[in-house]
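Notes to accompany the following structure.
The values are calculated or read from the model by the stated rules, or taken from the named source; none is laboratory data. Keep in mind the model is a prediction, meaning the values are calculated, not measured. Please note: Cβ atoms are built from the backbone with ideal geometry, for glycine as well, and neighbour counts cover all protein chains shown.
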Amino acid sequence: MRPTYTILFVLFLIPFSAISSKRACDYAGSNLGYIKSQTQQAIKAEDINFSRYYAYKALNAIEKSKTQFEACGCDYALKSINEGLDNLKKATRIGSLKGAKILLKRALESTYGSLEALEKHDELHVSLYASDLLAMNTKTAIEDKLTRKMPEEKDLHNMIDKALVNFKNSLDDVVKNVNCREAYDFASKIYAHCSQELLRKDLTPGKKYYNYRTKEITENALRRLQNCAK
C-alpha cells in the first residue's frame, strides 16, 4: 500500500477515537461545574467543619474525574485541576478557617483555569475537525458543557454519521482516481478490518455502529470496484 493510502487508512481509524476524546472533555467540563460549586460553598462556609465538608466533596469529584481529564488530552486542564486538588487537600488539613479560605480561593482559580483550558481545547477540536477527516462537531459554549447529558443513541448515531461523511468522500476519490486493483485492495482491507471488529463481544454500542456504518460505506465502494477483483 502506498504512503497516501496508508495515511488514509489510519485516518479512517481516527474518528471514533476523536469522538471518545471529545466526550471525555465534555464530561470533564461537566464535572468541573460541580467541583466549582462545591469549592464556592466551602469558601462561603462560616464554620471550619462545614468548609472541610464541601472541600472534601470537591476533591473527591476531582479524584473521580482524573481518568476523564487524561482521556480528554488537554494537558493544561489536567495540570490546573491537579493544582486545585493539591490546594483542596491543604485546605482540609489546616486548622484556621481564614487560612483554609485562602487555599480554597486558589483551588477555585485553578478550576476556572481548567474550564478555560477546556474551552480552548474544544476550539482546537473544532478547527481540526472542520478541515479534515475528523470533522464532527461545532463549538458549543462552556455553559452548555456543564449541563450536557450522555448522548442518546440517536444523537450518537448522528454524530458518527457526520464523522464518516468525509471518509466516504475520500473513499469515493480513491475509487475514481486510483488504479482499480489498488483501490479494490485498499477498500478490501478496510472492509475486513470492520468485519473483524464487529465480531468482538466487548464493543460498545457506539463502536459497533461506527464499524457497521464504515463497513456499509466500504461495501458500496467494493461493488463499484467488483470488476477489479477478477
In the range 185-230, how many are exposed (fewer than 13 other Cβ atoms within 10 Å of the Cβ) and over 19 Å from D161 (Cα atoms)?
-> 11
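Identify, please: which residue in the range 172-184 is buried (at least 16 other Cβ atoms within 10 Å of the Cβ) and touching a residue at least 60 places away in the same chain (Cβ under 8 Å) and is, among those, nearest to R223 (Cα to Cα)? Outline the logic, then answer.
Of the residues in the range 172-184, the ones buried (at least 16 other Cβ atoms within 10 Å of the Cβ) are 174-175, 178, 183-184.
Then keep just the ones that are touching a residue at least 60 places away in the same chain (Cβ under 8 Å); that gives 174, 178.
Working: V174: 14, V178: 16 Å.
Only one residue tops the list, namely V174.
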Residues of the range 68-89 being surrounded by fewer than 24 Cβ atoms within 10 Å (Cβ to Cβ) and not polar (S, T, N, Q), which ones?
-> E70, A71, G73, D75, Y76, L78, K79, E83, L85, D86, K89
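With the requirement that a residue be surrounded by 15 or more Cβ atoms within 10 Å (Cβ to Cβ) and either of a type outside the set (A, V, I, L, M, F, W, C) or not assigned by TED's automatic domain parsing to the domain that holds A107 (or both), what does the range 42-65 give you?
Within the range 42-65, the subset surrounded by 15 or more Cβ atoms within 10 Å (Cβ to Cβ) is 42-43, 45, 48, 51-59, 61-62, 65.
Of everything in the range 42-65, those that are surrounded by 15 or more Cβ atoms within 10 Å (Cβ to Cβ) and either of a type outside the set (A, V, I, L, M, F, W, C) or not assigned by TED's automatic domain parsing to the domain that holds A107 (or both) turn out to be S51, R52, Y53, Y54, Y56, K57, S65.
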